[in-house]
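What follows is a single structure, written as structure tokens, with notes after it.
The values are calculated or read from the model by the stated rules, or taken from the named source; none is laboratory data. Keep in mind the model is a prediction, meaning the values are calculated, not measured. Neighbour counts run over all protein chains shown; Cβ positions are idealised from the backbone, glycine included. Please note that ligands, DNA and RNA were not included when accessible areas were found on the heavy atoms of the full protein model with its side chains. Shrake-Rupley method; radii C 1.70, N 1.55, O 1.52, S 1.80 Å.
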Amino acid sequence: MHYEKEHMGIALEMMYCMLKDGVIEKKDYPNHFIQYERESDIREALDFCAEKFGLYVCGRGDVIFLSPGIGNKVFGMTNEEIKNDMFRGGKNTHMYTAFFIMHVMIGEFYTESMYDTPRRNLPITYLTDIVDAKIRSLADFEDIEGISKEYKFNFKEVKDLWDRLPKADIDVDTGKEKEGGIGTRVGLIYETLKFMKKHQLIDLNASAVYPLPRFKAMVSEAYNNTEVQLDILEFIENLTYSGDDTNAED
């Protein structure tokens, strides 16, 4: 497709800013945003530029982010880099379990038919109970290894690790559960949340998880991107569990 020089120039300037800062906000670039919102050619040009770099444009309100495409070795993170960034001394199994936790969180905030999440936050105690129940429900499947191969996700390793871990370490001085480390279930959940907060996906406040615009934009893009494997998310969402939702915020 042919793009006018002016439109392509604006798209490239926006692309440069996002590659440099990871985000572009309307308050910082009001003129670019106004033209981006008004001119479909600029939006298409930006999508075209991003696609050539193996990236996706994720817009959310007055903010636009870039998300690396699947297998992007330049702008994305390898599994080894994710593992090292997420956990000190962690193994691949810890990383798979963290991904499982993230999938559960997305499923609690969203349903596939919704563009936005109706839930304001997610209490961490509630998230912990839901993750625990869903992983325990994997025991109902006779062939977990077969399911792992089918979905190309290590459900068996996640369950085996979870079964080995105690629920939490208790601080002898405060009597409260320690919020970190990968030697317990609670600790592993907190380490996963810290990783997501570090990458500006969520905020943690008053023992609850709050989705940030980057998180919302990336989830919205995932639901509309045919390359993203939503079957894993759907499988985890459909894992049955019993529990009381009274701790969940609406």
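H32 sits with roughly 40 Å² accessible to a 1.4 Å probe, with DNA, RNA and ligands left out of the calculation. Here's how it looks for F141: its modeled amide H is under 5 Å from none belonging to a residue 5 or more places away or on a different chain. The 3J(HN,Hα) values that the Karplus relation (6.51, -1.76, 1.60; θ = phi - 60°) gives for region 154-171 are, in residue order, 7, 4, 5, 5, 4, 5, 4, 5, 4, 5, 7, 7, x, 5, 7, 8, 9, 5 Hz. Gly and Pro appear as x.
Within the shell of other residues whose beta carbon sits under 14 angstrom from the beta carbon of E150, the net charge comes to -2, with Lys and Arg scored +1 and Asp and Glu -1. Mind scanning K27/K134; K5/K27; K20/K134 and naming the pairs with a C-alpha gap bigger than 31 Å? The pairs that break the limit, which is 31 Å between Cα atoms, are K27/K134; K20/K134. On a straight-distance basis, which lysines could pair with K194 in a cross-link, Cα separation under 19 angstrom, same-chain partners fewer than 8 positions away excluded? Within the straight-line limit of under 19 Å, K194 reaches these lysines: K83, K91, K167, K176, K178, K216. Once backbone amide H atoms are built at 1.01 Å from N, R60 has F65 as its partners under 5 Å, excluding neighbours fewer than 5 places away on the same chain.
Measuring nothing but alpha carbons in region 100-169 and taking Rh as the Kirkwood radius, the Rg to Rh ratio lands at 1.02. For A208, nonlocal amide neighbours, meaning residues 5 or more places apart or on other chains whose placed amide H falls under 5 Å from its own, are I124.
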